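Notes for the one structure printed next.
Read-outs throughout are calculated quantities, based only on the coordinates presented, and are distinct from any laboratory measurement. Please read all numbers here as calculations on a predicted model, not as lab measurements. Note that we place each Cβ from the backbone using ideal geometry, even for glycine, and neighbour counts take in every protein chain shown.
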Amino acid sequence: MADDQDRPARVEDVHEIAVAMPHVTVEGAAGGNPVYQVGRKSFVFFRNPRPDAVDPVTGDRYADVIVLWVPTEADKQALVQDESAPFFTTPHFDGHLSVLLRAARIGELTRRELAEIIQDAWLSRASARRAADWLRANPQP
């Protein structure tokens, strides 16, 4: 039987992984979308349709955009410039340490890959002490 971590990621995994991180609170944003926070800083949230993220064919606003923080601009560029990856950005997010992911494309990632992205998002927003405590308890390979 294949490892569950290697199966295609699902939107439900975003919620499960984000809320499983320590010291997480969930706030409601406009439209009822969840915003996952650590120390009152968001690290993952589900975005409402906006004019900067649209289908290039129909012009319809994407209703399924997930915003994930990244540690550095280099990390962001590595994710959005990898044509095989489902991550993207828009000019609205220039200078913002986050990447966008459409829920419609989340299955292009494994659950393990999604967990790594969400954990990195959490680490980039958590206090230094919380991040150090988590890393000590969860050694990275």
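A few points about this structure:
- Between helix 11-20 and the chain: long-axis angle, C-alpha atoms, 0 to 90°, nearest 10: 30 degrees
- Annotation for segment 18-87: GluC sites (Glu not before Pro) lying in DSSP loop with at most 14 further Cβ atoms inside 10 Å of their Cβ are GLU83.
- For a label point 7 Å along the Cα-to-beta-carbon line of ASN48, residues of segment 83-106 with backbone N under 20 Å: 90-93, 100-103
- Working value for the chain: equivalent-ellipsoid semi-axes of 24, 18, 15 Å, each the square root of 5 times a Cα gyration tensor eigenvalue, largest first.
- Sites matching trypsin sites (Lys or Arg not before Pro) across segment 1-94 that sit in DSSP coil, with at most 12 neighbouring C-beta atoms within 10 Å: ARG40
- Net length available on complete extension from ASP6 to VAL26 is 4.5 nm, with 0.36 nm assigned per residue and the Cα-Cα distance removed.
- Zero-based 10 Å bins, Cα pair distances in segment 1-81, whole percents: 15, 36, 38, 10, 0
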